[in-house]
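*Asks:* Handing you this structure, nothing more for now.
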Amino acid sequence: MKRIFAFGFLMVLFSVSLHAAVSSLNVTLAAPTRVGTATLPAGDCKITWVVNGTEAQLTFQSSGQKPVTLPAQVVEAKSFSDELQTSTVKGVDVIQSVILKKTTFVLHPSQASGE
């Protein structure tokens, strides 16, 4: 009976630790930055995600703005730091991917540029 209880207790601890995994990132945008069809103002932005296999839904939330949710591809890649990869399109910074220490989220090209 004690073994069953111990096994059940370990399973609960394991499942709680999986749910405690970080699924958000806070960044500070130095300038207005476009993601999809929306332009996020300079300042603090929270990025959250939900992963389903090799696909993810990323939500970008800046203070006073409606959240922007876009699909992205999940790529297993290692990095030394968390960062945003951007490109400049017609003088405006556009988010292309969200790079984390163990995973990268690549926004779909049409979604990244807002086309």
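The values are calculated or read from the model by the stated rules, or taken from the named source; none is laboratory data. Values in this document were obtained by computation on a predicted structure and should not be read as measured data. Positions of Cβ are generated from backbone atoms using ideal geometry, with glycine treated the same way; all protein chains shown enter the neighbour counts.
*Asks:* Being of a type outside the set (D, E, K, R), free of Cβ contacts under 8 Å to residues at least 40 places away in the same chain, assigned to a strand (DSSP E or B) and farther than 14 Å from Ser24 by Cα narrows it down to one of Thr88, Thr48, so name that one.
*Replies:* None of the others qualify; the one that does is Thr88.
*Asks:* Can you tell me which residue in region 59-81 is nearest to Thr39 (Cα to Cα), limited to those that are assigned to a loop (DSSP other than H, G, I, E, B) and polar (S, T, N, Q)?
*Replies:* Gln65
*Asks:* Follow-up question, since we're still on this one. So if I check each of Val98, Val94, which one is assigned to a strand (DSSP E or B), touching a helix residue (DSSP H, G or I) at 6+ places or on another chain (Cβ under 7 Å) and touching a residue at least 40 places away in the same chain (Cβ under 8 Å)?
*Replies:* When all the criteria are applied, what remains is Val94.
*Asks:* Limited to region 56-68, what total is found for residues that are surrounded by 12 or more Cβ atoms within 10 Å (Cβ to Cβ), within 16 Å of Val27 (Cα to Cα) and either in contact with a Ser or Thr (Cβ under 8 Å, 6 or more places away or on another chain) or of a type in the set (A, V, I, L, M, F, W, C) (or both)?
*Replies:* Here the count works out to 5.
*Asks:* Here is a further query. I'm told Ser15 meets every condition in (1) at pLDDT 90 or above; (2) more than 24 Å from Lys90 (Cα to Cα) except one. Can you identify the failing condition by its number?
*Replies:* (1)
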